[in-house]
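The values are calculated or read from the model by the stated rules, or taken from the named source; none is laboratory data. Here the structure is a predicted model, which is why all the values come from computation and not from measurement. All Cβ positions, even for glycine, are placed from backbone atoms using ideal geometry, and neighbour counts span all protein chains on display.
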Amino acid sequence: MSAADNRKLLRLIHSQAPIRVCDNGGWSDTWFAGHGQVFHIAVVPGVEVQMKVFAQTPGEPRITIHAENYGDRYSIEPPTGHYSKHPLIEAAMEYMGIPHGVAVDVSIHSEVPAGCSTGTSAAVSTALIGALDMLRGGRLAAHEVALAAQQIETRMLNLQCGIQDQIASAHGGINFIDMYQYPHASVSRLHVPEMLLWELEARLSLVFVGQSHNSSDVHKQVIAELERGGSAQDKLEPIRRCAREAKEALCAGDLPRLGRSMIDNTAAQAALHPELVGVHHRAIIEIARAHHAIGWKVNGAGGEGGSITLLSGPDFAEKRAMMQAIEANDQYREIPIRLSPEGLRVWESHLPALEK
């Protein structure tokens, strides 16, 4: 609270949700695909939410939002279909609701740049839903949180949205998703030996290309073509196959095979439309190839911005040299990541200890 805020703090709720990388099978988890398979890896840093809860004061706003990454702090009343600065945040507030008699001050922060194509928006929704759920008693299971986050984007905001990002944030871990009929899916966590997880974590790199992913006209063209069905839909089958291949590779402990599935998936994305693998992605891939990386996957839907996941070979000195060569371009930067075996985490601070 600020020095000028004299309201009594009733509760202090925290939540964290991971993002995802290496989403083999992405594009096939959508309504226009109908069915699909996705392999992905949940990682941190993700999104952090802190919610301060006060008694409602007459004349004071019910909701204060601090979107730290944007430098925005503003107050609103509980929204009813009309959103102002940050529709995703405000829609989540409307979807979950604020209990009668309280006001909330919500701060949202992420170390991951907006538009990184790693499911950050889904992580924002997931973390907010988790905090608001605890405020209301804490009853939602992981799959219910994921579904709520997906409905906020699709039904309330009318955005194009698959299902895998929300699943990664709610469940965490390394998952294989079998979407048998949109949006219904089974989620299988892949259990692999601990030392293999350490090796995988040490070899993975996430590189932000320096400009935000944007759902551009290219994406609209691809979606329109897939909607028409026929031979266009056939282009999704190699993408689904790459998800299955990634799952089998990791379960077999075969990282080179996993890397090949990443490369094949990136090629399959480019087959949907060549501009889905942008000029910056291609430049980074060439550097990775020169330093004997064994895998690369353009994250998310791809396009001119966003990010790329790299899987290096076993020589960590060469991995460091690769990252130095990539970051020699001031536009590119590595985002340090760690595997996130846990998904959404929600807890509450003990106020007497807080006040000492």
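For the stretch 272-324, a residue qualifies if it is in a helix (DSSP H, G or I), more than 21 Å from S261 (Cβ to Cβ) and in contact (Cβ under 8 Å) with a residue 40 or more places away in the chain, and the qualifying residues are E275, H280, A283, F316, M323.
Here the strands (runs of 3 or more DSSP E) wholly within the stretch 1-87 that include at least 1 residues being among the hydroxyl-bearing types (S, T, Y), over 30 Å from E245 (Cα atoms) and touching a helix residue (DSSP H, G or I) at 6+ places or on another chain (Cβ under 6 Å) are 9-24.
Looking only at residues of the stretch 226-249 that are closer than 19 Å to N175 by Cα, in contact (Cβ under 8 Å) with a residue 60 or more places away in the chain and in contact with a Ser or Thr (Cβ under 7 Å, 6 or more places away or on another chain), we find that the one that is surrounded by the fewest Cβ atoms within 10 Å (Cβ to Cβ) is E245. Touching a strand residue (DSSP E or B) at 6+ places or on another chain (Cβ under 6 Å), buried (at least 17 other Cβ atoms within 10 Å of the Cβ) and closer than 30 Å to L255 by Cβ, is that true of V47? Criteria met by V47. From the list E199, E248, E304, E227, the one residue that fits, being over 22 Å from D165 (Cα atoms) and not aliphatic (A, V, I, L, M), is E199. The residues in the stretch 336-350 that are farther than 18 Å from A127 by Cα, buried (at least 22 other Cβ atoms within 10 Å of the Cβ) and either out of contact with any Pro (no Cβ under 8 Å at 6 or more places or on another chain) or at pLDDT below 95 (or both) can be counted, and the count is 0.
I263 meets the conditions (1) in a helix (DSSP H, G or I); (2) over 23 Å from F39 (Cβ atoms) in every case but one. The failed one is (2). Comparison of R7, R11, R20 shows that the only residue that is basic (K, R) and either within 14 Å of the chain's Cα centre (by Cα) or closer than 27 Å to H184 by Cα (or both) is R20. Restricted to helices (runs of 4 or more DSSP H) entirely inside the stretch 187-236, those with at least 1 residues that are more than 29 Å from L311 (Cα to Cα) are 217-227, 231-234.
Count, please, the residues in the stretch 168-180 that happen to be over 14 Å from S121 (Cβ atoms) and either among the aliphatic types (A, V, I, L, M) or out of contact with any strand residue (DSSP E or B) (no Cβ under 9 Å at 6 or more places or on another chain) (or both).
Going through the stretch 168-180, the residues over 14 Å from S121 (Cβ atoms) turn out to be 171-180.
Next, only the ones that are either among the aliphatic types (A, V, I, L, M) or out of contact with any strand residue (DSSP E or B) (no Cβ under 9 Å at 6 or more places or on another chain) (or both) stay: 174, 177, 179.
Total satisfying the criteria: 3.
Apart from one condition, R345 fits all of (1) in contact with a strand residue (DSSP E or B) (Cβ under 9 Å, 6 or more places away or on another chain); (2) under 16 Å from V21 (Cβ atoms); the exception is (2). Just the residues that are among the aliphatic types (A, V, I, L, M) and surrounded by fewer than 22 Cβ atoms within 10 Å (Cβ to Cβ), please, taken from the stretch 250-267. Within the stretch 250-267, A252, L255, I263, A267 qualify. S75 fails exactly one of the following numbered conditions: (1) touching a residue at least 40 places away in the same chain (Cβ under 8 Å); (2) surrounded by fewer than 18 Cβ atoms within 10 Å (Cβ to Cβ). What is the number of that condition? Result: S75 passes all but (1).
Tell me, yes or no, whether the stretch 338-349 has at least one residue that is of a type in the set (D, E, K, R), more than 22 Å from S261 (Cβ to Cβ) and in contact with a Leu (Cβ under 7 Å, 6 or more places away or on another chain). Yes: one or more hits. Go through the stretch 183-208 and give me each residue that's over 19 Å from E248 (Cβ atoms), modelled with pLDDT of 95 or more and in contact with a Phe, Trp or Tyr (Cβ under 8 Å, 6 or more places away or on another chain). A202, V207, F208, listed by residue number.
Which one is surrounded by the most Cβ atoms within 10 Å (Cβ to Cβ), of the residues in the stretch 126-169 that are among the β-branched types (V, I, T) and part of a helix (DSSP H, G or I)? Before the answer, list the steps.
Filtering the stretch 126-169 for residues among the β-branched types (V, I, T) gives 126, 129, 145, 152, 154, 163, 167.
From what is left, the residues that are part of a helix (DSSP H, G or I) are 126, 129, 145, 152, 154, 167.
Values: T126: 35, I129: 29, V145: 25, I152: 29, T154: 16, I167: 32.
Restricting to residues being among the β-branched types (V, I, T) and part of a helix (DSSP H, G or I), the top hit is T126.
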